[in-house]
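Working notes, beginning with the structure itself.
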Amino acid sequence: MMCAEVQWLPVTRELSFQKFIEQSDLLEELKYDFNEKAELRHTETQRPFVFNYYKNVFERNSKRYQALGYLLEQYIYELLEKVCKLQKVYIPPEADKEPRSFFFMSERALTSHRSVLLVLLQDQGVFRAGQWSQQAIIHHGLQHGSQIPCIQMALQAHYDVIVLNPNDNFIDLNMEEEQKGLLTQTKGSSSLKMVPAENFLSVQQPLQCTPKRCSNTPEEHMAYIWDYFISKTEGKDVAFIVHGYGGLVFMDLLVRKKWEVMNKVYAVAFIDSEHHVGHQLGSDVQLLAWIKHHCREWVTSPKPLDKPAATVLKQEFPMVSAGTEKHNLAPSSSLQSIFKYFKKALKAKTTINFSRVPIVTRSSTKRKQIA
């Protein structure tokens, strides 16, 4: 379980979620803030979030929920920068006049002498960088739904960190102006410019999506950041935490960049993953051998944390219980166990790198001499 005392909580007015809501002109619809336990609560009644604010008007309630999700997204971005001291990096860097994605990384992730780089890769969904699950943030709090406790543990262990943003794949032209108006940061200032709530909560036009170059899909986002950032970190051992669809994305990277990944990544923690070894890796003996020794999965299960939980369908590498039966709570439930695994795996790390050069055996040497 997570430690009871949490040091990173935004207890100051400057880092409160209520500040975002008050200045968004949605104060009446969203009277919520995070309490000292990082739980989202109504500021007057202290009750959890209620979806049915507009009595049985599903469409307006959905728009209100969407507005809350967007504000949470921007709030988490601010916590990543101001609390975790991560840098926001736009990709591709040269495309400043077109829609583009971004991710976060610790200040000297590419240049520092820290030995480990931890990469966080979340599940597929509406949530963005810094979130394991938007639903978990709303109903269970920042400790369970956000990646901030994980990032803090990594930084305290003297790891560098890269926080991916695999679900930021396109912009909706109809929503862009409403979102910019809902929360627009004035350049060089912390003041916020807002639009009336009814603009955002009104019925929207059909989606008009524009893809973001180099980040059209989670797989493309992952491959780009590997090529231009992670692969450039000299002398670092890389570890991954991947959740849900993130497991499938990592396996895609492993197949695409086989030798690079096998040489650079020393441990992968899968959490209730959607990968499929048979379909993705096929019968590649080297890849199958590598995942057996470098991967472990924490799966939703009624069993206590870390108890063996192998299934007939998945037996390619060790599998243990995440200590919960809820998919969106599995990352927070298994977090401390995962860091213990990383520490143990780093100590046991072999110094022999994988190579494309065939292994020379006695028989092959003898055949060469005869020839």
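Out of Trp298, Trp259, which single residue is closer than 30 Å to Ser101 by Cβ, outside any loop (DSSP other than H, G, I, E, B) and open to solvent by less than 10 Å² (accessible area, probe 1.4 Å)? Show your work before the answer.
On the way: Trp259 fails: open to solvent by less than 10 Å² (accessible area, probe 1.4 Å).
Matching residue, one of Trp298, Trp259: Trp298.
If the condition is being over 17 Å from Pro149 (Cβ atoms), in contact (Cβ under 8 Å) with a residue 24 or more places away in the chain and of a type in the set (Asp, Glu), then the stretch 68-102 contributes Glu73, Glu98. Among what's in the stretch 29-38 and is in contact (Cβ under 8 Å) with a residue 40 or more places away in the chain and over 15 Å from Gly69 (Cα atoms), pick the residue that is most open to solvent (accessible area, probe 1.4 Å). Residue satisfying both the conditions and the ranking: Lys37.
Matching residues to (1) of a type in the set (Ser, Thr, Tyr); (2) in a helix (DSSP H, G or I); (3) crowded, with 17+ Cβ neighbours inside 10 Å:
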site	(1), (2), (3)
Glu274	no, no, no
Ser283	yes, no, no
Leu288	no, yes, no
Ile291	no, yes, yes
Pro302	no, no, no
Leu305	no, no, no
Ala310	no, no, no
Phe317	no, no, yes
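From the residues in the stretch 13-27 that are among the aliphatic types (A, V, I, L, M) and touching a residue at least 24 places away in the same chain (Cβ under 8 Å), which one is nearest to Thr43 (Cα to Cα)? My answer is Ile21. In the stretch 193-252, of all residues being small (Gly, Ala, Ser) and outside any loop (DSSP other than H, G, I, E, B), the one that is modelled with the lowest pLDDT corresponds to Ala197. Within the set Glu59, Glu107, the sole residue that is open to solvent by 30 Å² or more (accessible area, probe 1.4 Å) and closer than 19 Å to Ala239 by Cα turns out to be Glu107. Residues that are within 24 Å of Ser24 (Cα to Cα) and either among the hydroxyl-bearing types (Ser, Thr, Tyr) or assigned to a strand (DSSP E or B) (or both) within the stretch 75-115 comprise Tyr75, Tyr77, Lys88, Ser101, Phe102, listed in sequence order.
The values are calculated or read from the model by the stated rules, or taken from the named source; none is laboratory data. Small disclaimer: the values here were computed from a predicted structure and weren't measured. Here the Cβ is made from the backbone with ideal geometry for all residues, glycine too, and neighbour counts use every protein chain on show. Just the protein is used for accessible areas: all its heavy atoms, side chains included, with ligands, DNA and RNA removed. Shrake-Rupley method; radii C 1.70, N 1.55, O 1.52, S 1.80 Å.
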